[in-house]
Amino acid sequence: MDNLSCTMIIFGSTGDLTKRKLIPAIHELEKGKYLPNKFKLIGIGRRNISQEEYSNMLYKGIKEYTNIETNQKLWNKISEKIYYLKMDFTKLSEYKKLYEYLLEDNKSKEISSNLMFYLAVSPEYFGAIVNNLKENNIIDGNNHWNRMVIEKPFGKDFESAKKLNNEITKVFKENQIFRIDHYLGKEMIQNITMLRFENSIFEPIWSNKYIENIQIIVSEKEGIGLRGEYYDNTGALKDMIQSHLLQILAITAMESPENFNMDSIRNAKAKLLEDLVLFTDDNNEENIVFGQYEGYKDEKGVSKHSNRETFVAMKVFIENERWQGVPIYLMTGKNLKEKLAQVNIEFKKPKNTINNKINIFDLEKNIQSNVLEIMIQPQEGIGLKINIKKPTKMNKTEVAEMEYCRTCLSGLNTPDAYVKLLLDVIEGDSTRFTRWDELSHSWRFIDSINGEFIKTHKYKAEGLGPDKAYKMINEDNRKWWFLDKWEKTNENI
C-alpha cells in the first residue's frame, strides 16, 4: 500500500478547476475509502490567505458547483489532509519553500515521498514549473515515484505541442506524464471497449464489411461563457475535435490490442490516429463545415470581427483494411439545442432478405438500418435499433428500440470522470491518458485542415447548427442519428 501513498501538489490551487473538479473528486475518493491512508494535498497559490480561509473556500466550492452530498464531519477529515502553501510558482527562488516543507514533513513521516504534480495552470507555465522543480531537487528517483498531470490545451498545433513536450520530457519520462482528457474517464466511454470486445455479437462485425458509417456527436448547450479570449484563439476544431472526439474515435475504431494492458491499448489508439485522413479530394467544403452561433461576437473577450468557429461537422476516413471506405462523421458545437454526447454505429442493410421472390415483407420501403447507440451524456446507456414484423400487418415491418439505460438503473451517481482519473494516477494506470504519439498524430491531422479557406456559417443560438452540416450528410443519403433524440425544429432538415 505504501506504493499507493501519495502527496498531491496542485499548481493553480485556487482556480476554477481545483474548486469545481479536483477537490470534489478528492472528496468522493475519501468518502468511498479509495484515498490511500497516507495522502496529503498541497495547494500552491499566490493569494495571501490563511489555511482556514483556503479550506472554507474549497468546501464552499463543493456545495456551490456540485450535487455531492457532504457534511462538516467528513470535510473536517479531508481538510486535515490539505495544506495551503503561498508561493509564486513563476519564480525559481520560491520553490525553496516547497522543498523545505516536503523535507520537514518527510522527516516527520507525515507525508508520502510519492509525488503527484497537478498543473492546473495555463500551458505557458508548464516548462518553467517542471524546470524549477528539477532545479530545486524536488524531483528525484530515490525509491519513490513522481508523476505529472497536465490539462489541455497541450499546444495549439503540432509544433507548439512538440516544443512543450520537449520541455517536459527533459525532466519527466513519458511513463511519468499523465495528459488528462476528462472524456476518457466517463463511464460510457470506458464501456465502449467492454461492449465491443466482451460480446461476440459485435467484434466479428466491427468492420467495413458490416458497418455503413460511424457518427460521434458532442453537443453543448452552453456558449463560451467566460472563456472568450481563450476560445477566440482556439475554436471548436482544436478545443473539441483534436482532443475529445478524436480520442472517442480512437477507442471506438482501434484494432484489437495484443492484450488489454495500458501499453497495448494506447498502441492501438495511436495506430488508428496515424491512419486518419480527412479529404478524398482537394475540396474542403465537401467534407467539413464550420459554424458560429449568433451573438458570439458580443461575448466578453471575443473580437468584433472574429470568424472563429464554434461549431464543426466533418467527414473523415481511416485508411486501413478494417475501415477502408467507411465514413466517420464528427460533430461538435457550442450553444446548441441540447447537451448531448453519443456514438452511433450504423450497420449496413441486409442484402439477402427473407423470401425475396415472394417478398412477404415490404422490405424496400420499411427495412431500416440497425443502429447501435452508445449514449455518453446526459443519459448514459446503450440502445440498439432492430427490424421486427409489425403486429397484425403481415407485409409490414417496424423498428424496435432495445435500450439499456445505465442512468435509469443507477441514478446520477456515476463517479465523476476526475474521480476515476485521479485514482488511475495514484495507481499508475495511464490507460485512459493520452500518450505523446497519440497527441502528435491528432495534431498532425488537425494541422492538415486549412481553416482559412473554410467558410464559417451562422447559426441560431440554441438551435441545431448550420444547415450545411445536415446537407453534407444528406447528400450522402444518410442522416444524423442523434436527431432522434431531439425535436426536429429546423425546416431544412
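The values are calculated or read from the model by the stated rules, or taken from the named source; none is laboratory data. These numbers were taken from a predicted model, which means no experiment stands behind them. All Cβ positions, glycine included, derive from the backbone under ideal geometry; neighbour counts span all protein chains shown.
A few remarks follow.
Per-residue answers, yes or no, for (1) surrounded by 13 or more Cβ atoms within 10 Å (Cβ to Cβ); (2) closer than 27 Å to TYR125 by Cα; (3) not polar (S, T, N, Q); (4) not assigned by TED's automatic domain parsing to the domain that holds GLU427:
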{"residue": "THR7", "(1), (2), (3), (4)": "yes, yes, no, yes"}
{"residue": "PRO36", "(1), (2), (3), (4)": "yes, no, yes, yes"}
{"residue": "SER50", "(1), (2), (3), (4)": "no, yes, no, yes"}
{"residue": "TYR54", "(1), (2), (3), (4)": "yes, yes, yes, yes"}
{"residue": "LEU58", "(1), (2), (3), (4)": "yes, yes, yes, yes"}
{"residue": "SER79", "(1), (2), (3), (4)": "yes, no, no, yes"}
{"residue": "LYS86", "(1), (2), (3), (4)": "yes, yes, yes, yes"}
{"residue": "GLU94", "(1), (2), (3), (4)": "yes, yes, yes, yes"}
{"residue": "TYR101", "(1), (2), (3), (4)": "yes, yes, yes, yes"}
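- Total residues in segment 160-185, condition among the β-branched types (Val, Ile, Thr) and assigned to a helix (DSSP H, G or I): 2
- Every test in (1) assigned to a helix (DSSP H, G or I); (2) surrounded by fewer than 14 Cβ atoms within 10 Å (Cβ to Cβ) is passed by MET188 save one, and that test is (2).
- Just one residue in the set GLN215, GLN176 is outside the structural domain of ALA313 (by TED's automatic domain parsing) and buried (at least 18 other Cβ atoms within 10 Å of the Cβ); that residue is GLN176.
- Per this entry, ASP275 is counted among residues that are touching a residue at least 24 places away in the same chain (Cβ under 8 Å), under 18 Å from ILE446 (Cα atoms) and surrounded by fewer than 21 Cβ atoms within 10 Å (Cβ to Cβ).
- Any hit, segment 362-380, residues being over 34 Å from the mean Cα position of the chain (by Cα), in the same structural domain as ILE189 (by TED's automatic domain parsing) and modelled with pLDDT of 80 or more: no
- Flag if SER207 is assigned to a loop (DSSP other than H, G, I, E, B), at pLDDT 95 or above and either polar (S, T, N, Q) or in the same structural domain as SER440 (by TED's automatic domain parsing) (or both): yes
- Count - residues of segment 247-271 that are of a type in the set (Ser, Thr, Tyr) and free of Cβ contacts under 8 Å to residues at least 12 places away in the same chain: 1
- Residue tally, condition of a type outside the set (D, E, K, R) and in contact with a strand residue (DSSP E or B) (Cβ under 9 Å, 6 or more places away or on another chain), over segment 252-267: 2
- Hits in segment 443-478 - residues which are in a helix (DSSP H, G or I), without any contact (Cβ under 8 Å) to a residue 40 or more places away in the chain and more than 23 Å from GLY295 (Cα to Cα): LYS471, ASN474
- Criterion (over 14 Å from GLY43 (Cα atoms), part of a loop (DSSP other than H, G, I, E, B) and of a type outside the set (Ser, Thr, Tyr)) met by exactly one of ASN137, ASN132: ASN137
- Each residue in segment 283-316 was checked for being more than 19 Å from ILE454 (Cα to Cα) and among the hydrophobic types (A, V, I, L, M, F, W, C), and 1 of them qualify.
- Looking at LYS221, LYS209, LYS238, just one residue is of a type in the set (D, E, K, R), under 30 Å from TYR470 (Cα atoms) and in contact with a helix residue (DSSP H, G or I) (Cβ under 7 Å, 6 or more places away or on another chain), and that residue is LYS238.
- Filter pass, ALA270 being over 22 Å from GLN377 (Cβ atoms) and in contact with a helix residue (DSSP H, G or I) (Cβ under 7 Å, 6 or more places away or on another chain): yes
- Hits in segment 401-431 - residues which are at pLDDT 90 or above and acidic (Asp, Glu): ASP424, GLU427, ASP429
- Flag for ILE214 being aliphatic (A, V, I, L, M), part of a strand (DSSP E or B) and under 29 Å from VAL326 (Cα atoms): yes
- Flag for PRO153 being surrounded by fewer than 16 Cβ atoms within 10 Å (Cβ to Cβ) and on the phi < 0 side of the Ramachandran plot: no
- Subset of segment 301-318 (residues that are more than 24 Å from VAL218 (Cβ to Cβ) and in contact (Cβ under 8 Å) with a residue 24 or more places away in the chain): SER303
- Filter result for the condition that a residue is in contact (Cβ under 8 Å) with a residue 40 or more places away in the chain, among the hydrophobic types (A, V, I, L, M, F, W, C) and over 21 Å from LYS134 (Cα atoms), over ILE68, ILE49, ILE44, ILE10: ILE68
- For the residues THR434, THR456, THR392, THR397, the requirement of being touching a strand residue (DSSP E or B) at 6+ places or on another chain (Cβ under 7 Å), modelled with pLDDT under 85 and either buried (at least 20 other Cβ atoms within 10 Å of the Cβ) or more than 24 Å from THR252 (Cα to Cα) (or both) singles out THR397.
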